[in-house]
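First comes the structure, then the notes that go with it.
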Amino acid sequence: MPVRTLDHVNIRTGDVPGTASFFQDILGLRAEAAPGAKSIDHGCWIHDPDGRAIIHIGPVDAAYPSDDAFPFTPAQGSGAVHHVALECDDLPAMLRRLDAANLTVARKDYPSANLCQLFVTERNGIILELNFRSDAP
């Protein structure tokens, strides 16, 4: 099966430090500045006890690789979940499935990170980020 596990959930919010504080102070998880962010206030990754970055928190005005294909509109509550990321295997098989379903796909390749990302929306409009590391370009 191409999908292996949930990779992370991304929350876009007008209050990055407050959202990070909840996960850090209330839930006891480790918070670190996201890669490329100046500080936790500008982007934050929340890590589980095994060190995996399971929650990504970003500002509403940040540029995301999916924004060109799927423009972002800020929301509150569950609508603030920007995307759900799944760790996947077998990129060619997934591309065939998405093509067969006639879905719009935005692809971003990051060779230096051995990562290929496919962005697609499910029928309720939630963006799915499908991450392929083992067979990325």
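Only the coordinates and a few stated rules stand behind these numbers; no lab work does. None of the values given here were measured: they were computed from a predicted structure. Ideal geometry is used to build each Cβ from the backbone, glycine not excepted, and the neighbour counts take in all protein chains shown.
What net charge do the residues around G58 carry, taking every other residue with its C-beta under 14 Å from that of G58, with Lys and Arg at +1 and Asp and Glu at -1?
Counting the neighbours of G58, the net charge comes to -4.
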Inter-probe distance in nm under a simple model that places probes 7 Å from Cα toward Cβ, at T104 and V84: 2.1 nm
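Would you mind telling me the antiparallel percentage of the DSSP bridges in the chain, rounded to 5?
On the way: 26 of 37 bridges.
For the chain, the DSSP antiparallel bridge percentage is about 70.
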query: How much net charge surrounds H47 when only other residues with a Cβ under 11 Å from its Cβ are counted (Lys, Arg +1; Asp, Glu -1)?
result: -1
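With a sphere of radius 15 Å drawn around the Cβ of T13, what net charge do the other residues whose Cβ falls strictly inside it have (Lys, Arg +1; Asp, Glu -1)?
Numbers: positive: R12; negative: D15, D41, D61.
The answer is -2.
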message: Quick check: the distance between the Cα centres of the range 41-71 and the range 1-36, to the nearest angstrom?
response: 7 Å
query: Residue by residue, what Karplus-based ³J(HN,Hα) values in Hz, rounded to whole numbers, does the range 94-110 have, using 6.51, -1.76 and 1.60 with θ = phi - 60° and x for Gly and Pro?
result: 5, 4, 5, 4, 5, 5, 4, 8, 6, 9, 6, 10, 9, 10, 10, 10, 10
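At a threshold of 8 angstrom on Cα-Cα distance, excluding pairs fewer than six apart, so keeping six or more, what relative contact order does the chain reach in percent?
Details: 261 pairs, mean separation 34.7, N = 137.
Across the chain, relative contact order equals 25 percent.
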message: Apply the a/c threshold of 1.5 to the C-alpha gyration tensor of the range 74-137 and tell me whether it is rounded, prolate or oblate.
response: oblate
message: Can you compute the helix-only [θ] at 222 nm over the chain? Use -39500 (n - 2.57) per DSSP H run of at least 4 residues, normalise by all residues, nearest 500 deg cm²/dmol.
response: -3000 deg cm²/dmol
task: Using a/c under 1.5 as the rounded threshold, could you call the chain rounded, prolate or oblate? The axes a ≥ b ≥ c are square roots of the C-alpha gyration tensor eigenvalues, and prolate needs a/b larger than b/c, oblate otherwise.
output: prolate
- prompt: Using unit Cβ charges (K, R positive; D, E negative) and no other charged atoms, how large, in debye to the nearest 20, is the dipole of the chain about its Cα centre?
  reply: 180 debye
